[in-house]
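For reference, the structure discussed in these notes is given below.
The values are calculated or read from the model by the stated rules, or taken from the named source; none is laboratory data. Small disclaimer: the values here were computed from a predicted structure and weren't measured. FYI the Cβ positions are ideal-geometry reconstructions off the backbone, even for glycines, and counts take in every protein chain you see. Remember, those area values only see protein heavy atoms, side chains included, never the ligands or the DNA or RNA. Shrake-Rupley method; radii C 1.70, N 1.55, O 1.52, S 1.80 Å.
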Amino acid sequence: MSDFDDGRSLPESLCLVATCHDPLGRFAAEIENARPALTQVFSAVAVNVTAETHPTTIAALQDLPVPLALDEHGAGTIGIGTARKDALALGLRSGCGWLFHSDLDHVLRWLADARDEVECTLARRDADFLVVGRSAVAMDAAPDRLRRTEEVVNHVYGLANGLTQRWDLMIAMRLMTRDTARLIIDHTHDAAITNDVTWPMLVSALGSSVGYAEADGIRFLARDDFDDVDRRDEDPREWRARMDTATAHVTAIVDFGGDGTV
């Protein structure tokens, strides 16, 4: 489903590239609330949704007054990294010169809480691939199970890549040129969520520039928690899941082969 004109070229414009899994339809109201900001910040929107996403969320996306492309896959039928790569391919069809990748709920919250910060950050054009992460202030507001496990990943990433400052990798927000998006599509072999760390390492290994920007207004909550309530820190199983995810990321960093393999 697309109203993109594949032949047009919009070198200075920005396409939002997102993944979305919303079986309960809770994103619909947030899309409507963010509609003015979405349509002023982005020239086009490309979303790879799961087949289980609620029709009200699909309708809210289709009601946006910007060119829109939708693709879908069954939840759990492909890896998260593959879903994100497919979203990039969808965004390239927009003709926009720049793409901003995010999980849909993350960018909706950021726009709602800090629109000026969104615009300032996404106006940067000083790197082919810009990792956008949470500042220390934003990370302090994250659920404890995320903050403790993700900081280990961030630390190991810094060690492996010779960074002198802390980068926040696992919020999965990335601003990139269309050429960089095409490079990722053509060369990545990471079908998993560990593309959080392997995409920037791959881009750098292939000779393109990678930069970092952090923001105070980015807030992580579990997908359905638009009421700003997170009770999952009290569940030991949630801690185990986050530790498993962090371990997978650390392994991907240490075992990265420089050609997209892990």
(request) Under 6 Å between Cβ atoms, at least 6 apart or on separate chains: pull out the pairs that start in the stretch 167-195 with a residue that is under 15 Å from Arg125 (Cα atoms) and modelled with pLDDT of 95 or more and end on any residue that is among the charged types (D, E, K, R) and open to solvent by 10 Å² or more (accessible area, probe 1.4 Å). (result) Thr177/Asp128; Thr180/Asp128
(request) Name the single residue, out of those in the stretch 152-166 being under 19 Å from the mean Cα position of the chain (by Cα) and either of a type in the set (A, V, I, L, M) or over 23 Å from Arg84 (Cβ atoms) (or both), that is modelled with the lowest pLDDT. (result) Arg166
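Quick grid of which residues meet (1) outside any helix (DSSP H, G or I); (2) under 27 Å from Met139 (Cβ atoms):
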| position | (1), (2) |
| --- | --- |
| Thr57 | no, no |
| Pro65 | yes, no |
| Asp86 | no, no |
| Gly91 | no, no |
| Trp98 | yes, yes |
| Val107 | no, yes |
(message) Can you find, within the stretch 227-238, the residue that is modelled with the lowest pLDDT among those that are out of contact with any Pro (no Cβ under 6 Å at 6 or more places or on another chain) and crowded, with 17+ Cβ neighbours inside 10 Å?
(response) Arg232
(message) Please determine whether any residue of the stretch 73-83 is open to solvent by less than 50 Å² (accessible area, probe 1.4 Å), closer than 21 Å to Val47 by Cβ and among the hydroxyl-bearing types (Ser, Thr, Tyr).
(response) yes
(message) For the stretch 27-67, give me each residue that is within 17 Å of Val17 (Cα to Cα), open to solvent by 60 Å² or more (accessible area, probe 1.4 Å) and of a type in the set (S, T, N, Q).
(response) Gln40, Gln62
(request) Can you confirm whether the stretch 157-176 contains a residue that is polar (S, T, N, Q) and open to solvent by less than 20 Å² (accessible area, probe 1.4 Å)? (result) no
(message) When you scan the stretch 108-117, do you find a residue that is open to solvent by less than 40 Å² (accessible area, probe 1.4 Å) and free of Cβ contacts under 8 Å to residues at least 40 places away in the same chain, even just one?
(response) no
(request) Only one of these is closer than 18 Å to Leu175 by Cα and under 18 Å from the mean Cα position of the chain (by Cα): Ala69, Ala34, Ala46, Ala75. Name it. (result) Ala46
(request) Kindly indicate which of Leu70, Leu16 is at pLDDT 95 or above, surrounded by fewer than 20 Cβ atoms within 10 Å (Cβ to Cβ), outside any helix (DSSP H, G or I) and aliphatic (A, V, I, L, M). (result) Leu70
(message) Any residue that is touching a Phe, Trp or Tyr at 6+ places or on another chain (Cβ under 8 Å), modelled with pLDDT of 95 or more, in a loop (DSSP other than H, G, I, E, B) and β-branched (Val, Ile, Thr) - is there at least one of those in the stretch 109-120?
(response) no
(request) Identify the single condition in (1) open to solvent by less than 20 Å² (accessible area, probe 1.4 Å); (2) under 16 Å from the mean Cα position of the chain (by Cα) that Thr149 does not satisfy, given that it satisfies every other one. (result) (2)
(message) Of everything in the stretch 178-215, what is of a type in the set (S, T, N, Q), open to solvent by less than 10 Å² (accessible area, probe 1.4 Å) and more than 27 Å from Met243 (Cα to Cα)? Give them in sequence order.
(response) Thr180
(request) Could you please let me know if Asp140 is over 17 Å from Ala252 (Cβ atoms), open to solvent by 10 Å² or more (accessible area, probe 1.4 Å) and modelled with pLDDT of 95 or more? (result) no
(message) Cβ-Cβ under 6 Å, sequence separation 6+ or interchain: first residue in the stretch 226-244 and within 23 Å of Ala28 (Cα to Cα), partner modelled with pLDDT of 90 or more and outside any helix (DSSP H, G or I). Which pairs?
(response) Phe226/Arg26; Asp230/Pro143
